[in-house]
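The values are calculated or read from the model by the stated rules, or taken from the named source; none is laboratory data. Since the model is a prediction, treat every value here as computed from it, not as a measurement. Glycine also receives a Cβ, built like all others from the backbone with ideal geometry; neighbour counts cover every protein chain displayed. When the accessible area is computed, the model is the full protein with side chains, heavy atoms only, and any ligands, DNA or RNA have been set aside. Shrake-Rupley method; radii C 1.70, N 1.55, O 1.52, S 1.80 Å.
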Amino acid sequence: MLPKLQLVKRQTPSKAMLYLSPLLAIILTLIASILLFLIMGVSPLAALHAFFIEPISSIYGLSELGVKATPLVLIGVALSLGFRAGVWNIGAEGQLILGGIFGGATALFFYEKTGFYIIPLILIMGILGGMLWAAIVALLRTRFNANEILTSLMLSYVAALLLNYLVHGALRDPDGMNFPESRLFSDSALLPIILEDTRLHIGALIALLVVVLGWGLLSRTLLGYQIKVIGDAPAAGKHAGFSQSRIIWITLLMSGGIAGLAGAIEVTGPIGQLLPNISPGYGFTAIIVAYVGRLHPVGALLAGLLLALSYLGGETAQIELKLPVAVTGVFQGLLLFFLLASDVLIQYRLQSTPATPVVKPLPAAKEGGTS
Amino acid sequence: MEQNTYLLELKKMTKSFPGVLANDALDLKIKQGEIHALLGENGAGKSTLVKMIYGILKADSGEIYFNGKKVTINSPAYARKLGIAMVFQHFSLFDSLTVVENISLGMDHQSSLKQLAQQITEISRRYGLPLDPQRHVYTLSVGERQRIEIIRCLLQKPKLLIMDEPTSVLTPQEVEKLFVTLKRLAQEGLAILYISHKLDEIKALCHEATILRLGKRVARVCVDEESTSSLAAMMMGEELQAFQHPQKMNPGEVRLGVKNLYAKASDPLGISLKNINLQLRSGEVVGIAGVAGNGQDELLTVLNGENLSLEKGSIEIAGKSVTRLNPNQRRLLGMASVPEKRLGHGAMPDMDLSENAFLTAYERMKLVHKWFINYSKTKRFARSIIEDFGVKTPAIEVPAKSLSGGNLQKFIIGRELTQKPELLIVSQPTWGVDAGAAQTIREELRELAAKGAAVLVISQDLDELMQITDRIGAICGGVLSEFYPTAEMSIEKVGLLMAGVKLNEELQDAA
């Protein structure tokens, strides 16, 4: 019989590697993409240039990077907070859509009206929308112990259908010849542009603010500490007197609220109206952002920029090299795959064991033990 | 041929782990029919050595001879084939299966359940290990569960039986029965490698002893020629100062009062607490003995506020009802507690020492200012724990899981004691801690009481309780016994309490 390969936990995983693993994953992703481009018969050099260099070789390109990165960074930070607490909210996409619906509906309510209060109100409504959607998940988790991975994911599809229903019905543009779209929002409901002749809007600054706040929360406050303790050792949290369900509620409301904010920013920023589809999967991509960013707000900022580039690069590659748009998804998938693989190999090492089956389970002599 | 006279002979066994040399060129020889003690403090390398004999770990270098032949044992299955069996400290049994089903699962060669049940009954009768093959494991006591493991081993007709600290989960009466069985087995020619750090057990049971210290073999002795204290000196490398028995204090005001408390277990296999009554006064150390899994965890979490779902009854700390207060609110009233499980309950494995210091101390030590953590103050607090309690660590920035069990325990106890609690509830304070550190911890608990605090010690270590407590009782099946002055109690009497026997009934029976 062949020797079996087995994962054995490393006693002291290298701390440096923990932070280098995203870089390693990026390098591996690049190598895999080069192979992929070769198979598709495209010059890897041209493809990489189109993918990574060209999109950011102009001011306009950089501003577009900011536009795409804004929702990714926002949600990446939001999810990092939850993931740190061991709350696996993977339905940020749905919370983003609800934020878009609430914010968009508010914008339509103030159609052709003016006032300084309109935009703040839209953003607050967006936050409330996202929170509402996340609150369902929190309720199901804390009351019925329903797994938040499933409920939050499933609610994403409900949210998408709800948006579809509304733009086909109640929120449809009355003068829009039955196209499933809302009216274009009035100027008073559109986010101010911060760089002339680009689409870069004030939402990018809000995202930076959220990075700083998230960082401060996690590293400086009692709440951030509680989040980390509940994520590392729930029983220790209980020992201290922290309530796990309170942390579940808080992290879900925070991440839902920020995802909702991102939704409201998207519809009042680059989109400017409600469409059946307001996000190219930002809520899901943000999961990769959070992980590549090592669940750290500043890491999420860097990772958000990288993943934003993958969206832009995908578009350029589609236009210039006639590559399918799925290249973006493939790139993102490869990146997450290599990151998880690197993380596993940092925590564990591969060992070949003799083929004889071990019948008796090993004793759990981990902590304290005897000798 | 000298080698032929030994059943098992180890030569220069060496094994290192990152950062430690766990076994340094160890030799060991066991004859047929010999009960051989492997003696050493926690961390001396006993488990590592037997794991190599049983094929769980692979030696870096060294030779193993079994029956005079050189062997390479690279799996437990091969060890069993040679005739080596092992009873682990932690049992691997399925609670919802019967005894015979459990044993059948661990057998290398399958036979029918009926046949197996017959064999089990036969062995259990022959060696005085009463056990009904058809009982479900969850209905059995820990002692009975251990019998399953022993019978499982004996069914393989081993030549060498390894037992890893088998008495840590038994009452004194059960220990006596086990020893009778082991001596009988040895008379029939079975060699037994008996791992322990309890000296009186080794005096009572073993013929020869190999003593380890810090991974090295310090001596091989004939047990009858040594005294308990000379064995202790070899084990620890220095004579331990005898524990000063506590000065009698007049108990002061009531610090903890529990009345008619009932609490249902949250876990279906957990233990429900029934009619708990308990009073702790300042200045006294009260002990609760008991075999593991009789409601100790449940009692601790109900008293410290982790579990607030009581059925009835009341808890008062310092005269105030705390029945509905969470752990932090109880801490503000002067309570501190140390749970049995260190990593994951008393400390967060992946967080660093200053973050771990903060966990239970931030209210009393005022480490939070308006939502924000005062990091410099927290670090100072963590450093003072490390200095005052002699915690060995390279820095405070290391994760808790990188500390050895004993050092982490010193850190956790230090964290609680530095807060100057008026009531300390501690479970298994010295479990898995080396003898020197254990002694320090015991002295600190006594000192805390001498300063006027009330201390409740829940422990499975009877010697420890006899040594440090003023009053002692036991918990059995979630029921708390009466409490008696420790000075008037013997180990045997506490053993009866641990088995759920009421002392005056016993006296009546005897009369």
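Quick check for you: with a 1.4 Å probe and neighbouring chains kept, what is the accessible area per residue of region A:70-343, in Å²? All intermediate terms of the calculation are to be shown ahead of the outcome.
On the way: 10900 Å² over 274 residues.
Spelled out: the 1.4 Å probe surface of region A:70-343, per residue, equals 40 Å².
Each Lys or Arg adds one and each Asp or Glu subtracts one; over the other residues with Cβ under 14 Å from the Cβ of B:Phe372, this totals +4. Taking the Cα centre of chain B as origin and assigning +1 to Lys and Arg Cβ atoms and -1 to Asp and Glu Cβ atoms, the resulting dipole is close to 1100 debye.
For region A:1-122, the spread of Cα coordinates along the three principal axes comes to 75, 42, 30 Å, biggest extent given first. Multiplying each eigenvalue of the alpha-carbon gyration tensor of region B:90-175 by 5 and taking the square root yields semi-axes of 19, 15, 13 Å, largest first, rounded to whole angstroms. Extending 7 Å from Cα along the Cβ direction at B:Glu122 and again at A:Phe179 yields two label points whose distance is 8.8 nm.
Inside 10 Å of the C-beta atoms of A:141-152, what's the mean count of C-beta atoms belonging to other chains? Numbers along the way, then the final one.
Numbers: counts 0, 0, 0, 0, 0, 0, 0, 0, 0, 0, 0, 0.
The shielding value for this peptide is 0.
Taking a temperature of 10 °C and a viscosity of 1.306 mPa s, what whole-number D in µm²/s does Stokes-Einstein yield for chain B with Rh from Kirkwood over alpha carbon pairs? Please report the intermediate quantities before stating the final value.
Values: Rh = 24.6 Å.
D = 64 µm²/s.
Of B:Ser321, B:Ala361, B:Gln118, which is farthest along the charge dipole of the protein assembly as shown in the positive direction, counting Lys and Arg as +1 and Asp and Glu as -1 at C-beta? Positive-most Cα among the choices belongs to B:Gln118.
FRET efficiency for the A:Leu209 to B:Thr139 pair, using the beta carbon distance and R₀ = 51 Å, is estimated at 0.25. From a point 7 Å beyond the Cα of B:Lys392 in the direction of its Cβ, which residues of region B:33-74 have a backbone N at a distance under 11 Å? B:43-44, by backbone N distance to the label point.
Computed on protein heavy atoms with a 1.4 Å probe, what is the summed buried accessible area for the chain pair A and B, in Å² to the nearest 100? Write down the numbers at each step before the final one.
Numbers: alone 19120 and 23760 Å², together 39100 Å².
Summing both chains' loss of accessible area gives about 3800 Å².
Here's the list of lysines a cross-link from B:Lys377 could span, going by alpha-carbon distance under 18 Å and ignoring same-chain residues fewer than 8 apart: B:Lys366, B:Lys420.
In chain B, Cα pairs under 8 Å separated by at least six residues give a relative contact order of 14 percent. Among the residues of B:339-346, the average count of other protein chain beta-carbon atoms within 10 Å of the residue beta-carbon is 5.
According to the square roots a ≥ b ≥ c of the eigenvalues of the Cα gyration tensor, what is the shape class of region B:345-453, taking rounded for a/c under 1.5, prolate for a/b larger than b/c otherwise, and oblate for the remainder? Oblate. Classify the protein assembly as shown as rounded, prolate or oblate, taking a ≥ b ≥ c as the square roots of the eigenvalues of its Cα gyration tensor: rounded when a/c is under 1.5, otherwise prolate if a/b is larger than b/c and oblate if not. It comes out prolate by the Cα gyration axes. With a simple spin-label model that places each label point 7 Å from the Cα along the Cα-to-Cβ direction, the separation between B:Asp350 and B:Thr228 comes to 4.6 nm.
Given a 1.4 Å probe, how much area per residue of region B:57-144 is accessible, in Å²?
Each residue of region B:57-144 exposes 52 Å² on average to a 1.4 Å probe.
Here's the picture: charge each Lys and Arg Cβ at +1 and each Asp and Glu Cβ at -1 in region A:70-343, and of A:Met131, A:Phe109, A:Leu312 the one pushed furthest to the positive end of that dipole is A:Met131. Measuring against 19 Å, Cα to Cα, the residue pairs B:Lys320/B:Lys341; B:Lys274/B:Lys312; B:Lys29/B:Lys177; B:Lys69/B:Lys183; B:Lys11/B:Lys198 contain B:Lys320/B:Lys341; B:Lys29/B:Lys177; B:Lys69/B:Lys183; B:Lys11/B:Lys198 as the ones spanning a longer distance.
Mean Kyte-Doolittle of at least 1.0 and a Cα length of 18 Å or more along the axis: which whole DSSP H helices of chain A meet both?
Working: long enough: A:15-39 (37 Å, 2.31); A:59-84 (36 Å, 1.23); A:92-109 (25 Å, 1.21); A:118-144 (38 Å, 1.95); A:148-168 (30 Å, 1.42); A:203-220 (25 Å, 2.01); A:244-266 (33 Å, 1.08); A:297-321 (34 Å, 1.19); A:326-347 (32 Å, 1.78).
Helices meeting the criterion: A:15-39, A:59-84, A:92-109, A:118-144, A:148-168, A:203-220, A:244-266, A:297-321, A:326-347.
Contact-buried residues of region B:80-126, at a threshold of 50 Å² lost accessible area versus the chain by itself: B:Phe88, B:His90 (1.4 Å probe; DNA, RNA and ligands ignored). Between A:Arg199 and B:Asn328, how high is the FRET efficiency from 1/(1 + (r/R0)^6) when r is the Cβ-Cβ distance and R₀ = 45 Å? Nearest 0.05. Here the calculated transfer efficiency is 0.35. Near the amide H of B:Met86, within less than 5 Å, lie the amide hydrogens of B:Ile162, all on another chain or at least 5 residues away, with H placed in the peptide plane.
Rank B:Tyr194, B:Tyr127 by accessible area, highest first, at a 1.4 Å probe radius?
From most exposed to least exposed: B:Tyr127, B:Tyr194.
The mean number of partner chain beta-carbon atoms within 10 angstrom of a residue's beta-carbon across peptide A:227-237 is 6.
The residues neighbouring A:Thr142, those whose beta-carbon lies less than 12 Å from its own, together hold a net charge of +2 under the Lys/Arg +1, Asp/Glu -1 convention. Extending 7 Å from the Cα toward the beta-carbon at both B:Asp95 and B:Leu214 defines two label points whose distance is 4.2 nm. Return one whole number: the accessible area per residue of region B:288-387 in Å², for a 1.4 Å probe. Heavy-atom accessible area per residue stands at 39 Å².
Using a 1.4 angstrom probe on heavy atoms only, work out the carbon and sulfur share of the accessible area of region A:70-343 in %. It would help to have the intermediate numbers written out before the result.
Values: 7620 of 10900 Å².
Using a 1.4 Å probe with all protein chains present, region A:70-343 comes out at 70 percent carbon and sulfur.
In this structure the amide hydrogen of B:Ala454, modeled in the peptide plane, comes within under 5 Å of the amide hydrogens of B:Gly283, B:Leu423, B:Leu424, none closer than 5 places in sequence on its chain.
Counting only protein heavy atoms, what percent of the accessible surface of chain B is carbon or sulfur at a 1.4 Å probe?
Details: 11070 of 22050 Å².
On chain B, the fraction of accessible area on carbon and sulfur atoms equals 50 percent.
Classify chain A from the C-alpha gyration tensor, please: rounded if a/c falls under 1.5, else prolate or oblate depending on whether a/b exceeds b/c. It is oblate, given that a/c is not under 1.5 and a/b is not larger than b/c. Given R0 = 56 Å, the distance between the Cβ atoms of A:Lys322 and A:Leu139 translates into a calculated FRET efficiency of 0.70.
Partner aspartates and glutamates whose Cα lies under 18 Å from the Cα of B:Lys15, excluding those fewer than 8 positions away in the same chain, are identified as B:Asp24, B:Asp27, B:Glu41, B:Asp60, B:Glu63.
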